[in-house]
Amino acid sequence: MYPDYNNQPQTPPPYYGQSAVARQTNSVMKRVYVRMFIGLLVSAFCALGVASSPAMINIIFGNQIVMWGLVIAMFAMAILIPVRMMKMSSGTVLVLFLVYSALMGTFLSSIFLAYKLSAIVSTFFITAGTFGAMTVYGYFTKSDLTKMGSFLMMALFGLIIAMLVNIFLKSGTMSYIISIVGVLIFTGLTAWDTQQVKQLAAANLDPALADKLATMGAMNLYLDFINLFLFLLRIFGGNRD
């Protein structure tokens, strides 16, 4: 017979099912942040490496075919990785994310030509502080951020359209407004993406799926960080003299 805990002074044993979910969630989230950090390091090293080589700068940004090939490759991978994730191994998903990070870093090397190093460094720390605060909020908040996330995704599409229009208008005022709106959008998306990854981590206990989820979560937060950094840089970075 099982002991009657209602008539016993001792505390009932812990509910191990919930503990397993908590352990799984914490494990996935740790991998998310570690992989995101590795992705940022890969991008940083690639950006610095290309920026320090006039020959590489000339090859990439002096040739329209190479530059647009790089941009198209990044867009293609951003679509391919999530769509094909279920049909790829977790190792392949991780490798593709790191390749994507390297391509992004190569593309971002141009910021060293447009902004002073001091502005880039200071903006990076501002971005890290903002990102850190919002991802902590997204992780611990009890509020459901689903509606906010849906609104921010719609706002993001509007922002992309505005950016495309401003390519032709070349309006400095509109560019500044776009940057402010971009900061607000990706600040909110950081919290929303964090909550989404946490919820999915708690719902998917299959180890292979959990590992893929960790990589995709890292990629989403990586993109939030990069975009937040770029919009802040446009606001605070100024131009290289």
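A few points about this structure:
- Between F131, F45, the distinction of being aromatic (F, W, Y) and in contact with a Ser or Thr (Cβ under 6 Å, 6 or more places away or on another chain) belongs to F131 only.
- Filtered residues of segment 109-165 (kept if among the polar types (S, T, N, Q), without any contact (Cβ under 8 Å) to a residue 60 or more places away in the chain, touching a helix residue (DSSP H, G or I) at 6+ places or on another chain (Cβ under 8 Å) and under 30 Å from I59 (Cβ atoms)): S110
- Those residues of segment 7-50 which are farther than 30 Å from F125 by Cα, polar (S, T, N, Q) and modelled with pLDDT of 70 or more, in sequence order: S19, Q24
- Within segment 111-125, being surrounded by fewer than 16 Cβ atoms within 10 Å (Cβ to Cβ) and under 25 Å from K30 (Cα atoms) holds for one residue alone: F125.
- Meets criteria (in contact with a Lys or Arg (Cβ under 6 Å, 6 or more places away or on another chain), of a type in the set (S, T, Y) and touching a residue at least 12 places away in the same chain (Cβ under 8 Å)) for S179: yes
- Residue that is nearest to the chain's Cα centre (by Cα) [pool: residues in segment 75-105 that are closer than 22 Å to L48 by Cβ and of a type in the set (G, A, S)]: S101
- Test: residue in segment 39-55 that is assigned to a loop (DSSP other than H, G, I, E, B) and in contact (Cβ under 8 Å) with a residue 24 or more places away in the chain: no
The values are calculated or read from the model by the stated rules, or taken from the named source; none is laboratory data. Everything numeric here is computed off the predicted structure, so don't read it as measured data. Ideal geometry is used to build each Cβ from the backbone, glycine not excepted, and the neighbour counts take in all protein chains shown.
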